[in-house]
Amino acid sequence: MRSKRLAPLAAATALALSAIAVAACGSGSSSKQTTTGASGPPASSAPSSTSASSGTVDLAKGSLGPILIDSQGRTLYLWQADTGAKSTCTGACASAWPPLVTTGKPTAGSGVTSSLLATTNRADGTKQVTYNGHPLYRFAGDTAPRQINGQGSTGFGALWYVLSPRGKPLTGTTASTAASSPTGY
């Protein structure tokens, strides 16, 4: 008789624990990822990886110093897992780190070196903007212009960095460390 009363309690406990586990997997807003996943806002508020943009790369002053941004002011990143201009960020990676894509020739904004801009063909057939040979991405966790929530993340197994006007990774976490970084400007 006791086991009949415990069965519904055990089922309810298992259901509650499952809900907690699912919520834990999808929650969190930490900008420093230490697992192979990445967190961020729901896909509906994240920039789409398939929508074409103007392909404009601009320059803005951020907390790391001058950084590359897209036409909407969103910070642009490089992923160290990419080899050369070939993007290896697809699927869930591209949902968390939407590539900057274009249907035409990318445009250099003020302070951006146009000769460093190019495109590379992605596996899905879109053209991704590159700068200094690095495919460019935004981070779904950046919800406002010039945020750098993805800086130093190891999401999907490699480091993500904001880019300097020369197309070099800014490896610091503040303007003072970025200015002294050997890979800075």
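The values are calculated or read from the model by the stated rules, or taken from the named source; none is laboratory data. These figures come from a predicted structure and were not determined experimentally. Neighbour counts run over all protein chains shown; Cβ positions are idealised from the backbone, glycine included. The area values use the complete protein model at the heavy-atom level, side chains included, leaving out ligands, DNA and RNA. Shrake-Rupley method; radii C 1.70, N 1.55, O 1.52, S 1.80 Å.
I'm trying to understand the selection: among the residues of region 73-84, which are at pLDDT below 95 and in contact with a strand residue (DSSP E or B) (Cβ under 9 Å, 6 or more places away or on another chain)? Across region 73-84, the qualifying residue is only Gly84.
The set of residues from region 94-122 being open to solvent by less than 60 Å² (accessible area, probe 1.4 Å), farther than 24 Å from Ala81 by Cα and part of a strand (DSSP E or B) comprises just one member, Ala108. For region 96-141, what are the residues that are of a type in the set (Gly, Ala, Ser) and either within 11 Å of Gly55 (Cα to Cα) or in contact (Cβ under 8 Å) with a residue 12 or more places away in the chain (or both)? Passing the criteria: Ala96, Gly104, Ala108, Gly109, Ser110, Gly111, Ala118, Ala123, Gly133, Ala140, Gly141.
Please tell me if Thr90 is of a type in the set (Ser, Thr, Tyr), over 15 Å from Arg166 (Cβ atoms) and assigned to a strand (DSSP E or B). No; evaluated as a whole, the condition is false for this residue.
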